[in-house]
Amino acid sequence: MSRSFYIKTMGCQMNEYDSDCLARSLITKGCIPVNDPAIADIILINTCAVRAKPEQKAVSFLGRMAAFKNKRPDLILGIVGCIAQQEGSRLIKRFPMLDLVMGPRQLEKFPEFLEKIIYDGKKIVATDLNSLPASPIHCKGYFRDKVSAFISVTEGCNNFCSYCIVPYVRGREVSRPPADIIAEASNLIADGVKEITLLGQNVISYHWNDCNFVSLLNEIAGLDGLLRIRFTTSHPKHLSKDVIQCFASIDKLCSHIHLPFQAGSDAILKSMRRGYSRDQYIILSEKLREADHDIAITSDVMVGFPGESEADFEQTLDLIRKVRFDNLFSFKYSDRKGTLAAKMQNKVSESLKIHRLEVLQKIQRQITLEKNQDLIGRHVQVLVEGQSKKGGQLTGRTSTNKIVNFISNNKKIGELVNVLIDSCTSNSLSG
Ligand code: SAH
Ligand code: SF4
Ligand code: F3S
């Protein structure tokens, strides 16, 4: 099946991982990746439904791809991922040029679906959420040029935070068997990967029989040839003493945790059904810094959740000032069909959400800048990932996940080097 393919990936790291899995199964079938959808025989759009904005982006991209299909009826056009799961056959009705609508729990059947489309001229809608996550096809050499790669260890989520669509589009939480994960990690390392990030919506609640997240982390850290290990995303409700202790005891574990707090007011946290208080979150951040003094803490936060008063918003700003995050991903709340929050009263106006987001981002930008400035004049260890966009420089990340661009005479891609930091912005460090 010598066809060319193009995959557009939107949304979170899970989707990046899923797109790599799709690419690997296409390559195994003899297909060739291309960088331009205009020349591709197969176009897949891997979509995200978490907020209104990514959803709009996906639909507008699909419109552009549909124009190619008008000119080239043989083109195979598929929408996969979380919007595919959410909308199912409604998408085919709305966009009859689609050949495939496939949710994130159906990836294993993709080769079979593709054959039905090509050889039987069928249209496929696949949105069963009950299938177990499969191990991706190993495609030797796929990660040859990459220093860092993801492995999904849990799929789905059971938390049902009141604003969130993820449990509806990714299904209930299931863990993958440790042996499959170790085999996948070993294959990546054999390909030359030096840093592995374990993925899950709620990654620290991983468990398979008597193997919990801490045992899994230790097993992977024990693999020869691997330099660094990371994991994301952690839920504050599940962050145990044992997991915090890993930052002190596992050398290869990077000094970084992504720990979404979402809101700083107890009333809003309760209404979000997050299962912790602002004080509990602050205590967790202190315990993390006790275990690993230099740990970088990043987070997600939302403004304008239904009922968020000025006082609630002030509590969010106060938490940001107290914890001093290294970086923050901040979003305007948006209604997601079928969630509890979508049905709540007291919606916050769009203009107030925009205003609150600006205020919050300005405060965080300053904190991020100050944290980066603290590193000027110090040596940091960088895992070199490749050439920087700036000519002649290399780029990589610190253990704390900060981007470093630096001058070097040697090509040290895939190696750990010490870099003396001499300047910074809020986005990156230079040395
Ligand atoms: N599993 C992760 C988050 C996945 S979604 C966790 O539990 O933290 C990524 C981020 O999108 C969330 O952390 C949240 O900040 C944001 N988000 C989710 N639903 C949203 C909504 N309806 N409106 C705005 N932001 C939302
Ligand atoms: Fe969504 Fe909450 Fe699950 Fe994260 S923990 S994916 S925010 S429901
Ligand atoms: Fe988006 Fe699905 Fe990830 S909704 S954030 S792509 S799990």
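Just to check your reading of the model, which residue among Cys82, Cys139 is within 16 Å of ligand 1 (Cβ to nearest atom) and open to solvent by less than 30 Å² (accessible area, probe 1.4 Å)? Before you say what the answer is, go through the steps one by one.
Values: Cys139 fails: within 16 Å of ligand 1 (Cβ to nearest atom).
Going through Cys82, Cys139 in turn, just one is within 16 Å of ligand 1 (Cβ to nearest atom) and open to solvent by less than 30 Å² (accessible area, probe 1.4 Å): Cys82.
Could you look through region 317-339, keep only residues that are within 16 Å of ligand 3 (Cβ to nearest atom) and not in a loop (DSSP other than H, G, I, E, B), and pick out the one that is surrounded by the fewest Cβ atoms within 10 Å (Cβ to Cβ)? Talk me through it step by step, then tell me what you get.
Step one: list which residues in region 317-339 are within 16 Å of ligand 3 (Cβ to nearest atom), which gives 329-339.
From what is left, the residues that are not in a loop (DSSP other than H, G, I, E, B) are 329-332.
Values: Phe329: 13, Ser330: 17, Phe331: 17, Lys332: 18.
Of everything passing the filter in region 317-339, Phe329 is surrounded by the fewest Cβ atoms within 10 Å (Cβ to Cβ).
Can you pull out the residues in region 146-185 that are more than 12 Å from ligand 3 (Cβ to nearest atom), in a helix (DSSP H, G or I) and open to solvent by 40 Å² or more (accessible area, probe 1.4 Å)?
Result: Ala179, Asp180, Ala183.
I'm trying to understand the selection: among the residues of region 38-47, which are at pLDDT 95 or above and open to solvent by 10 Å² or more (accessible area, probe 1.4 Å)? If you could, list the steps in order and put the result at the bottom.
Step one: list which residues in region 38-47 are at pLDDT 95 or above, which gives 40-47.
Within region 38-47, Asp41 is the sole residue that qualifies.
Kindly list the number of the only condition in (1) open to solvent by less than 20 Å² (accessible area, probe 1.4 Å); (2) more than 16 Å from ligand 2 (Cβ to nearest atom); (3) of a type in the set (S, T, N, Q) that fails for Gln56.
Single failed check for Gln56: (1).
What about Ile165, is it within 15 Å of ligand 2 (Cβ to nearest atom) and more than 16 Å from His235 (Cβ to Cβ)? If you could, list the steps in order and put the result at the bottom.
On the way: within 15 Å of ligand 2 (Cβ to nearest atom): yes; more than 16 Å from His235 (Cβ to Cβ): yes.
So Ile165 passes the test.
Out of everything in region 289-305 that is part of a strand (DSSP E or B) and open to solvent by 10 Å² or more (accessible area, probe 1.4 Å), what residue ends up being farthest from Leu352 (Cα to Cα)? Before the answer, list the steps.
Of all residues in region 289-305, those part of a strand (DSSP E or B) come to 296-303.
Remaining after also requiring open to solvent by 10 Å² or more (accessible area, probe 1.4 Å): 298, 300, 302.
On the way: Thr298: 25, Asp300: 19, Met302: 13 Å.
Going through the qualifying residues, I end up with Thr298.
Can you tell me which residue in region 396-417 is most open to solvent (accessible area, probe 1.4 Å), limited to those that are farther than 25 Å from Ala190 by Cα and assigned to a strand (DSSP E or B)?
The extreme case among them is Ile407.
Any idea how many residues of region 98-115 are surrounded by 16 or more Cβ atoms within 10 Å (Cβ to Cβ) and under 20 Å from Arg72 (Cα atoms)?
Residues that pass the stated criteria total 5.
Contact list please: Cβ distance under 8 Å, first residue in region 46-61 and in the same structural domain as Gly156 (by TED's automatic domain parsing), second residue in a helix (DSSP H, G or I) and away from ligand 2 (no atom under 14 Å from the Cβ), pairs at least six apart or on different chains.
Here the result reads none, with nothing in region 46-61 linked to a residue that is in a helix (DSSP H, G or I) and away from ligand 2 (no atom under 14 Å from the Cβ).
List every residue pair whose Cβ atoms sit under 7 Å apart, with the two residues 6 or more apart in sequence or on different chains, where the first one lies in region 260-285 and is open to solvent by 10 Å² or more (accessible area, probe 1.4 Å) and the second, anywhere, is β-branched (Val, Ile, Thr).
What qualifies is Gln262/Val301; Ile282/Val323.
Would you check which residues across region 192-207 are more than 11 Å from ligand 1 (Cβ to nearest atom) and within 13 Å of Gln13 (Cα to Cα) and list them?
Correct list: Ile196, Thr197, Leu198.
With the requirement that a residue be open to solvent by less than 20 Å² (accessible area, probe 1.4 Å) and either free of Cβ contacts under 8 Å to residues at least 12 places away in the same chain or away from ligand 3 (no atom under 16 Å from the Cβ) (or both), what does region 192-204 give you? Steps first, please.
The initial filter retains those residues of region 192-204 that are open to solvent by less than 20 Å² (accessible area, probe 1.4 Å), namely 193, 195-200, 202-204.
Passing the criteria: Val193, Glu195, Ile196, Ile204.
When you look at Ala296, is it in the same structural domain as Pro260 (by TED's automatic domain parsing) and under 18 Å from Val404 (Cα atoms), yes or no? Let's see the steps before the verdict.
Numbers: in the same structural domain as Pro260 (by TED's automatic domain parsing): yes; under 18 Å from Val404 (Cα atoms): yes.
Yes.
Only one of these is open to solvent by less than 60 Å² (accessible area, probe 1.4 Å) and at pLDDT 95 or above: Glu314, Glu350, Glu308, Glu358. Name it. First the steps, then the outcome.
Numbers: Glu314 fails: open to solvent by less than 60 Å² (accessible area, probe 1.4 Å); Glu350 fails: open to solvent by less than 60 Å² (accessible area, probe 1.4 Å); Glu358 fails: open to solvent by less than 60 Å² (accessible area, probe 1.4 Å).
Just a single option satisfies the conditions, and that option is Glu308.
The values are calculated or read from the model by the stated rules, or taken from the named source; none is laboratory data. None of the values given here were measured: they were computed from a predicted structure. Methodologically, a virtual Cβ is constructed for each residue, glycine included, from the backbone with ideal geometry; neighbour enumeration extends over all protein chains shown. The accessibility values were calculated without ligands, DNA or RNA, using every heavy atom of the protein model including side chains. Shrake-Rupley method; radii C 1.70, N 1.55, O 1.52, S 1.80 Å.
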